[in-house]
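Accompanying notes for the structure given below.
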Amino acid sequence: VRKLETEGWKSTVYIASKLLGITNHLGLHMDADDVENVYNAGHEIGGHSFSHFDLSEMPLDCAIQDVIKNRTVMSSLKIPRCTTFAYPYGQTTVEIKKHLSKEYEGLRGISPGPMTGKVDLNQVRSTPLFRGKPCEEAVRQIHALKGQNAWLTLFTHDVRERPSEWGCTPAEMESVIAAVKASGAEVLTLSDAIMKLRANPS
């Protein structure tokens, strides 16, 4: 998030609190102090699940309890409840969407591509910033949208010299930032973008 802060931009960060402070095949995950520092720097901490399990593979009541458990951990860290949520792995069911749509203003998935015209706020599209070709495609999409009335959300997991397959390198992130700056796009957190859309649907 520091590269975004250099530009004066704020992001939405989704945290599965069961992973706080652990080291696994993806490396070291952020800990509770990191969460508080990110929030205090002005970024938004969005809703997520506790375990980061695929909610579509869980019974509805278990999926809901997992979401509530994550919300409880965030509350214990003095992080206010957010109005947006990200599906772990981008997976969901009709029942989960119906339930969570009553709890959140927007639910983010992982289907890539820009949004124009009507937007399904229960399955907000999001383009991955993953190393290699996905990052190159994201930069292409950003350039292609210059001057258009469109919304493009971007997501990644880690930014480092040797990223996981779900992350990107600092150089790739710099290329994305440069493309956004060149496009003249307004950069907003997910909840702020939804608020702006609702205030001015056109």
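Counting only Cβ charges, +1 for Lys and Arg and -1 for Asp and Glu, the dipole size of the chain around its Cα centre is about 480 debye. Rounded to the nearest 20 debye, the dipole size of region 1-103 about its Cα centre is 240 debye, using +1 on the Cβ of Lys and Arg and -1 on the Cβ of Asp and Glu. Once the Cβ-Cβ distance of Glu136 and Ile68 is raised to the sixth power relative to R0 = 41 Å, the FRET efficiency obtained is 0.60. From its DSSP helices (H runs of at least four residues, each -39,500 (n - 2.57)), the chain gives a residue-normalised ellipticity at 222 nm of -11000 deg cm²/dmol.
Taking amide H as placed 1.01 Å from N in the peptide plane, Ile45 has its amide H under 5 Å from the amide H of Val13, each at least 5 places away in sequence or on another chain. With R₀ fixed at 25 Å, the C-beta to C-beta distance from Glu186 to Lys102 puts the FRET efficiency at about 0.30. Placing a label point 7 Å from the Cα of Trp166 along the Cα-to-Cβ direction, the residues of region 1-24 whose backbone N falls under 20 Å from that point are 1-2, 11-24. Pairs from the list Lys98/Lys146; Lys69/Lys118; Lys10/Lys118; Lys133/Lys181; Lys118/Lys181; Lys10/Lys97 with a Cα-Cα gap above 30 Å: Lys98/Lys146; Lys69/Lys118.
Accessible surface calculations at 1.4 Å, restricted to protein heavy atoms, place the chain at 55 Å² per residue. Quick check: at a probe of 1.4 Å, how many percent of the accessible area of region 50-202 sits on carbon and sulfur atoms? Percent of accessible area from carbon and sulfur atoms in region 50-202: 54. Annotation: amide H-H contacts under 5 Å for Val124 (H modelled 1.01 Å from N, sequence separation of 5 or more, or interchain): Leu107, Arg108, Gly109. Counting only DSSP beta bridges with both residues in the chain, the antiparallel share comes to about 20 percent.
The values are calculated or read from the model by the stated rules, or taken from the named source; none is laboratory data. Because the structure is a prediction, the values reported are computed rather than measured. When we count neighbours, we look across all protein chains shown, and the Cβ atoms used for this are built from the backbone with ideal geometry, even at glycine. Accessible surface areas use protein heavy atoms only, side chains included; no ligands, DNA or RNA. Shrake-Rupley method; radii C 1.70, N 1.55, O 1.52, S 1.80 Å.
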